[in-house]
Amino acid sequence: MKKKIILISVFILVIIFLLKTWYFNSKRIDHVKKEIITERILGNSYIEYNPIVFQQDHLVDSPELLTQEHVNNVIHVLKYYGEKFKFENGKLFVSNEIDRKILWNYTTKANDSIWLSQHLLEE
């Protein structure tokens, strides 16, 4: 009878230990997942904006287009499409999630006075 009680006690302790280990590991994993998700949402990386043009079947950076007027026009386009950007120390940074082809499209629109006049921002 005493052996049964000891075996049952050991069994219960092992079950408690396993449940405790599982519970705390689950919380840790959930915490890590939340950190990763938060980092992806809030820690969105930005890259410095460079105008992109299509030249000889390739997309190439064209820094000579980067005037203050062009930056203002690109900001207009980015706001119109709801893209993430920031302006720091006189430089424009755009979300690194924006595809290079899309940046080329935005550069083209920023250089198109007709597009800019037809797509005014709502204030």
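Throughout, read-outs are computed from the coordinates displayed, never taken from laboratory work. If you're wondering where the values come from, they're calculated on a predicted model, not measured in any experiment. No Cβ is skipped: glycine too gets one built from the backbone with ideal geometry, and neighbour counts run over all protein chains shown.
Could I have the simple spin-label model distance between Thr108 and Tyr81, label points 7 Å from Cα toward Cβ, reported in nm to one decimal?
1.1 nm
Would you calculate the separation in nanometres between label points at Lys20 and Glu122, each defined as 7 Å from the Cα along the Cα-to-beta-carbon direction?
Spacing of the two 7 Å Cα→Cβ label points: 5.8 nm.
Note the full-extension length gain between Glu48 and Asp99 as 0.36 nm times their separation in residues minus their Cα-Cα distance, in nm to one decimal.
Values: separation 51, 0.36 × 51 = 18.36 nm, distance 1.34 nm.
That pair, Glu48 and Asp99, stretches by 17.0 nm at full extension.
Of all trypsin sites (Lys or Arg not before Pro) in the range 42-123, which ones are in loop regions per DSSP and have a Cβ with at most 15 other Cβ atoms within 10 Å? Could you put the intermediate results ahead of the total?
Values: sites: Lys79, Lys84, Lys86, Lys91, Arg100, Lys101, Lys109; in loops: Lys84.
Those that pass, being in a loop and sparsely packed, are Lys84.
Express in nm, to one decimal, how much length is gained between Lys4 and His58 on full extension, taking 0.36 nm for each residue of separation and deducting their alpha carbon distance. Before the final figure, lay out each step's value.
On the way: separation 54, 0.36 × 54 = 19.44 nm, distance 7.86 nm.
Full-extension gain reported as 11.6 nm.
Would you mind checking which residues have amide H under 5 Å from Ser62's amide H? H placed 1.01 Å from N; only 5 or more apart, or other chain.
When sequence neighbours closer than 5 places are left aside, the close amide H contacts are Ile52, Val53.
Sorted by packing (mean other beta-carbon atoms within 10 Å per residue), highest first, where do 69-75, 5-11 land? Please report the intermediate quantities before stating the final value.
Values: 69-75: 17.3, 5-11: 9.9.
Put in order of decreasing packing, that is 69-75, 5-11.
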